[in-house]
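Below is one structure, written out as structure tokens; comments come after it.
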Amino acid sequence: MRLLVVEDDKDLNRQIVTALENAGYAVDKAFDGEEGLYLGETEPYDAVILDLGLPKVDGVSVLQGWRRAGKIMPVLILTARDRWSDKVAGFDAGADDYVTKPFHVEELLARVRALLRRAAGHATSELVCGPVRLDTRASRVVVDGNPIKLTSHEYRLLAYLMHHQGRVVSRTELVEHLYDQDFDRDSNTIEVFVGRLRKKLGVEVIETVRGLGYIAAAPEKV
Ligand code: CA
């Protein structure tokens, strides 16, 4: 899952980005509305955290710009405690959720998880695919009850496929959603990660669809 954080307060931006990266997301950051507007319009994010009080272009205008451009990713806005009218303007511009400053980063993480799973049509924080269970709260994976140790890239790959299970996901889509902007992307590495992931999981939940990509699906019972 790849996220964008638009926040002009440098310390807060770093704090949010660090927490999200530690939770296993690929994260891009912007420090003003202009940069945020551009990134949100041109890059495929799974969710965005958007401060409303931003230099150059304000947050509500940024959000309106994205929605006008047909961008439907979930957006969580950051608002000041006493500015209820900001929340109204934010929701009317197309926001999906909000957090008031100051906030606990755990609450932000929980709201991001909820947005991501709702966007993918899941009701709970645990995703299940056959014998594989992925707990998005703890970033943990269990196969037939046994915990599996994954690297952050392997986890991201599995989490993306399981959020979208039953649908074929192309290599290009995986590259776009697993790595942040600054990462040296090489789509060949996806195949390497899939290979390692299959070996670690020991069960066939990731199928290759020749020429199209990969699909996460529960193995058929014999
Ligand atoms: Ca601000």
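The values are calculated or read from the model by the stated rules, or taken from the named source; none is laboratory data. Bear in mind that the values here come from a model prediction, so they are computed numbers and not experimental data. Neighbour counts are summed over all protein chains in view; Cβ atoms, including those assigned to glycine, are modelled from backbone coordinates with ideal geometry.
Pick out the one residue from Gly53, Gly65 that is away from the ligand (no atom under 16 Å from the Cβ), surrounded by fewer than 24 Cβ atoms within 10 Å (Cβ to Cβ) and over 18 Å from Met1 (Cβ atoms). Spell out the reasoning first.
On the way: Gly53 fails: away from the ligand (no atom under 16 Å from the Cβ).
Exactly one of Gly53, Gly65 is away from the ligand (no atom under 16 Å from the Cβ), surrounded by fewer than 24 Cβ atoms within 10 Å (Cβ to Cβ) and over 18 Å from Met1 (Cβ atoms), namely Gly65.
Mind telling me which of the residues Asp86, Asp82 ends up being farther than 25 Å from Glu176 by Cα, at pLDDT below 95 and in a loop (DSSP other than H, G, I, E, B)? Spell out the reasoning first.
Numbers: Asp86 fails: in a loop (DSSP other than H, G, I, E, B).
Going through Asp86, Asp82 in turn, just one is farther than 25 Å from Glu176 by Cα, at pLDDT below 95 and in a loop (DSSP other than H, G, I, E, B): Asp82.
Just need a number here: residues in segment 14-50 that are in contact with a helix residue (DSSP H, G or I) (Cβ under 9 Å, 6 or more places away or on another chain) and within 16 Å of the ligand (Cβ to nearest atom).
So the count comes out to 12.
Checking Gly65 against (1) under 27 Å from Glu126 (Cα atoms); (2) in a helix (DSSP H, G or I), which test does it fail?
(1)
Any idea which of Asp11, Asp92 is farther than 24 Å from Thr151 by Cα, free of Cβ contacts under 8 Å to residues at least 12 places away in the same chain and within 16 Å of the ligand (Cβ to nearest atom)? Break it down stepwise before answering.
Numbers: Asp92 fails: within 16 Å of the ligand (Cβ to nearest atom).
None of the others qualify; the one that does is Asp11.
Say whether the condition of being over 22 Å from Leu20 (Cα atoms), out of contact with any Pro (no Cβ under 7 Å at 6 or more places or on another chain) and either free of Cβ contacts under 8 Å to residues at least 40 places away in the same chain or part of a loop (DSSP other than H, G, I, E, B) (or both) is met by at least one residue in segment 152-166. Let's see the steps before the verdict.
Filtering segment 152-166 down to residues over 22 Å from Leu20 (Cα atoms) leaves 165-166.
Then drop every residue that is not out of contact with any Pro (no Cβ under 7 Å at 6 or more places or on another chain), which leaves 165-166.
This time we only want the ones that are either free of Cβ contacts under 8 Å to residues at least 40 places away in the same chain or part of a loop (DSSP other than H, G, I, E, B) (or both), so: 165-166.
Scanning segment 152-166 turns up at least one residue that is over 22 Å from Leu20 (Cα atoms), out of contact with any Pro (no Cβ under 7 Å at 6 or more places or on another chain) and either free of Cβ contacts under 8 Å to residues at least 40 places away in the same chain or part of a loop (DSSP other than H, G, I, E, B) (or both).
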